[in-house]
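A short worksheet on the structure shown next.
Just so it is clear, none of the values below were taken in a lab; they were calculated from the coordinates. Predicted, not measured: the structure shown is a model, and the values here were computed from it. Cβ placement follows ideal geometry from the backbone for every residue including glycine, while neighbour counts extend to all protein chains displayed.
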Amino acid sequence: MNDLTTVVDWSRWQFALTAIYHWLFVPLTLGLSVLVAIMESLYLKTKSEKWLMATKFWMRLFGINFAIGVATGIILEFEFGTNWSNYSWFVGDIFGAPLAIEGILAFFMESTFVAVMFFGWNKVSPRFHLASTWLTAIGASISALWILVANAWMQYPVGMEFDPAQMRNVMDNFWDLFSGIAVNKFFHAVFSGWALAGVFVIGVSCWFLWKKRNQDFALLSIKSAAWFGLAGLLLTMYTGDGSAVEVTKHQPMKLAAMEGLYHGTEGQGFTAFAILNPDKDWNNDEDEYIFEIAIPRMLSILGRHDANAFIPGVTDIIEGRDIINGDTVNTVSYAERIERGKMAQAALRNYDIALEKGDSVAMNVAKADLQKNFQYFGYGYFDDVKEAIPPIGVTFWTFRIMCYLGGYFLLFFVVILILVYRTRLMERATWIQWIAMASVPLMWVCSEAGWAVAEVGRQPWTVQDLLPTKAAISEIPASSVIVTFWLFALVFTVLLVAEVSIMCRQISKESKKNLSSNKA
Amino acid sequence: MIFSFTSIFLLISLLKLTDESLSKYHTMETVKKIWFFYRDGFREMTVGKTLWMIILLKLFIFFVVIKLLFFPNLLSRDYDTDADRADHVRKELTK
């Protein structure tokens with residue numbers, strides 16, 4: 001293995017590790033903050049002590065998660081500057097502007113109102129306190145918005161023009177950043193946080209029921225969390241459908257990888273379960289699956305909202321074939337993209353030579369040549385079309401894990417809602433209490449799997465079609481990346497252990513108090 | 001913490017939402033009030049003290065150990081001007 005491959009692979013693993021750990025904390029912050037705000041609103045409306053106690057209890061757990069998780073995302077920005085310096089420079093303002101807004105909002109909005117949330121009981125008016133709780137929740141979601149806008153731009157780069165003099169993408173329309181991919185991605189991520197918080201609250205509350213402590217409090221929490229989680233999950237599914245349409249339109253290769261699909265058809269079925277054929281390649285005649293159970297026409301419905309629509313597979317995309325409204329359409333084949341990418345890079349090289357000579361005429365000619373083929377710039381780094389295919393197996397299976405668990409949690413919320421309104425049944429049914437407790441980590445698996453689909457499925461790109469990972473990397477020694485990978489693994493594991501142990505201790509301690517009345 | 005303090009100060013100064021006497025106070029009184037708000041908040045913390053220790057330790061590890069020792073911004077460190085940085089990236093992306 002040469003050093004470049006080692007650096008690229010370790011840097012990717014490092015980024016994945018830090019992003020995965022970061023995402024352990026974020027969705028709970030996004031969801032629990034809103035649930036707590038709803039509980040406090042109900043307290044203010046009803047003046048009922050039970051809502052006040054529920055608000056305070058879940059707010060404390062929110063605080064633990066917030067404190068441990070805060071600033072874990074900053075590591076990703078460190079990595080941009082060191083491991084991915086070509087990428088950081090290339091994306092320019094596009095990435096910088098949303099991240100800067102996120103930083104300011106995160107610091108000012110969240111840090112201000114979190115302080116009022118925790119220190120402000122009995123010191124500010126109840127309405128001001130409630131406003132602070134809501135503003136903390138809204139601030140967390142707005143912070144997520146900017147990160148997800150930046151991420152969506154990497155998947156679907158729009159609203160910019162590449163300037164070879166600055167070697168950066170210069171934003172020419174800020175509002176273009178809010179593409180369909182960005183909007184769906186934002187709501188999909190935030191609502192999935194609601195579903196995750198719902199499962200978390202139900203799981204913890206079921207532990208109360210199992211221990212026979214504060215059962216009224218637990219049932220109240222389960223009722224609110226189940227409705228909240230169900231709403232979050234249904235909205236996650238709805239925005240997931242929106243994402244599927246956007247991916248079909250703008251990242252067809254990712255969709256093909258999610259399905260392990262090589263040769264598409266009109267009225268394409270959705271693979272409910274399959275064993276992928278490891279010998280299958282884009283240009284051989286092997287079968288795609290060793291075994292498959294498919295839902296007829298479902299992928300066409302999901303991808304193009306038309307039961308008869310054609311969905312291209314990996315081979316179709318590479319060969320430049322699609323069918324739109326029944327007509328065969330020739331898209332740009334990957335071989336041509338590679339050729340045009342190399343032409344774009346040659347033009348950039350000519351621009352560089354002209355710049356050094358101060359030849360402005362040659363610079364303009366080179367710039368015009370570059371712009372003609374810039375949309376395929378990144379393909380110029382490949383020698384074989386195969387390099388542009390994402391890892392099919394990982395994308396296929398993480399997508400399925402997300403879907404299976406999403407379906408499971410829909411059933412879970414429905415069953416919990418049925419049982420919780422038959423109070424005695426919920427208190428006695430230890431099996432459902434155990435299932436609820438065991439479901440908590442599964443919800444995180446579901447959430448992380450969703451991110452794996454989004455990020456692995458868009459490989460090999462850091463910026464879709466423009467910059468592959470191997471060009472985005474810095475010239476740094478592999479050893480330093482390996483050392484910091486293990487350093488992060490250690491630091492984040494310690495943080496995770498701290499979070500889980502402090503939270504468990506707090507839950508256990510609080511469960512022994514009377515959580516039905518503030519006067520106890 | 002500094003951001004939070006500043007924001008609270010601005011917020012209270014603008015909205016005057018705490019109590020009826022705040023409007024009579026001059027700036028120093030407002031600063032004192034915010035100081036007491038935080039001081040009392042921290043004093044009354046139970047699990048929060050452990051969390052603050054974790055936050056401070058984490059920030060130290062992130063910004064002092066990890067950032068300074070392992071994660072320099074390469075382009076800022078190695079090149080003085082944006083033109084030099086652009087030149088370097090252009091050569092990297094076309095080599």
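What residues have an amide H closer than 5 Å to that of A:Gly313, excluding those fewer than 5 places away on the same chain, when H is modeled at 1.01 Å from N in the peptide plane?
HN-HN under 5 Å from A:Gly313: A:Gly264.
Between segment A:129-158 and segment B:33-95, what is the C-alpha centre distance in whole Å?
Going from one Cα centre to the other spans 20 Å.
Per residue of segment A:429-441, what does 6.51 cos²θ - 1.76 cosθ + 1.60 with θ = phi - 60° give for ³J(HN,Hα)? Whole Hz please, x for Gly and Pro, Karplus curve as stated.
Going residue by residue, I get 6, 5, 4, 6, 5, 5, 4, 4, 5, 5, 6, 4, x Hz, with x marking Gly and Pro.
Of the listed pairs B:Lys32/B:Lys58; A:Lys470/B:Lys67; A:Lys47/A:Lys123; A:Lys372/B:Lys91; A:Lys185/A:Lys367, which have alpha-carbon separations greater than 27 Å here?
B:Lys32/B:Lys58; A:Lys185/A:Lys367
Just rank A:Arg127, A:Arg337, fewest to most, by other beta-carbon atoms within 10 angstrom.
A:Arg127, A:Arg337
Mind running the shape call on segment A:255-331? Use the C-alpha gyration tensor, a ≥ b ≥ c as the square roots of the eigenvalues: rounded below 1.5 for a/c, prolate if a/b tops b/c, oblate otherwise.
oblate
Restricting to Cα atoms and excluding each atom paired with itself, what does the Kirkwood estimate give for the protein assembly as shown in Å?
One over the average 1/r among Cα pairs gives 26.5 Å for the protein assembly as shown.
Calculated FRET efficiency, B:Leu68 and A:Lys249, Cβ-Cβ r, R0 35 Å, to nearest 0.05?
For B:Leu68 and A:Lys249, the calculated efficiency is 0.20.
Relative contact order of chain A, please, whole-number percent, based on alpha carbon pairs below 8 angstrom and at least 6 residues apart.
Across chain A, relative contact order equals 21 percent.
Can you list residues whose amide H is under 5 Å from A:Thr462's amide H, if they're 5+ apart or on another chain and H is modeled 1.01 Å from N?
A:Leu467, A:Thr469
Please arrange A:Phe118, A:Phe178, A:Phe57 by how many other C-beta atoms lie within 10 Å of their C-beta, fewest to most.
If I rank by nearby Cβ atoms, fewest first, I get A:Phe178, A:Phe118, A:Phe57.
Given H placed 1.01 Å from N in the peptide plane, which residues other than close sequence neighbours of A:Phe162 have an amide H under 5 Å from its amide H?
Amide H neighbours of A:Phe162: A:Val170.
Taking the beta-carbon count within 10 Å as an exposure proxy, list A:Met109, B:Met45 from fewest neighbours to most.
Fewest-to-most ranking of A:Met109, B:Met45: B:Met45, A:Met109.
Which three extents, in whole angstrom, do the alpha-carbon atoms of segment A:1-153 cover along their principal axes, largest first?
Per principal axis, max minus min of the Cα coordinates gives 66, 29, 23 Å.
Using a Förster radius of 45 Å, what is the FRET efficiency between A:Lys509 and A:Val365 based on their Cβ-Cβ separation? Nearest 0.05, please.
For A:Lys509 and A:Val365, the calculated efficiency is 0.05.
Assigning unit charges at the beta carbon (Lys, Arg +1; Asp, Glu -1) and nothing else, what dipole magnitude in debye, to the nearest 20, does the protein assembly as shown show about its Cα centre?
3900 debye
Can you compute 3J(HN,Hα) from phi for each residue in segment A:493-510, using the Karplus curve 6.51 cos²θ - 1.76 cosθ + 1.60 with θ = phi - 60°, rounded to whole Hz and x for Gly and Pro?
Values, residue by residue: 5, 4, 4, 5, 4, 4, 4, 5, 6, 5, 5, 4, 4, 5, 4, 4, 5, 5 Hz.
Which whole-Hz couplings ³J(HN,Hα) result when phi for each residue of segment A:76-93 is put into the Karplus expression 6.51 cos²θ - 1.76 cosθ + 1.60, θ = phi - 60°, listed in order with x for Gly and Pro?
Residue by residue, segment A:76-93 yields 4, 5, 4, 5, 4, x, 9, 7, 10, 5, 4, 4, 4, 6, 4, 6, x, 4 Hz.
How crowded by other chains is B:65-71, given as the mean number of beta carbons from other chains within 10 Å of each beta carbon?
The mean count of partner-chain Cβ atoms within 10 Å per residue comes to 5.
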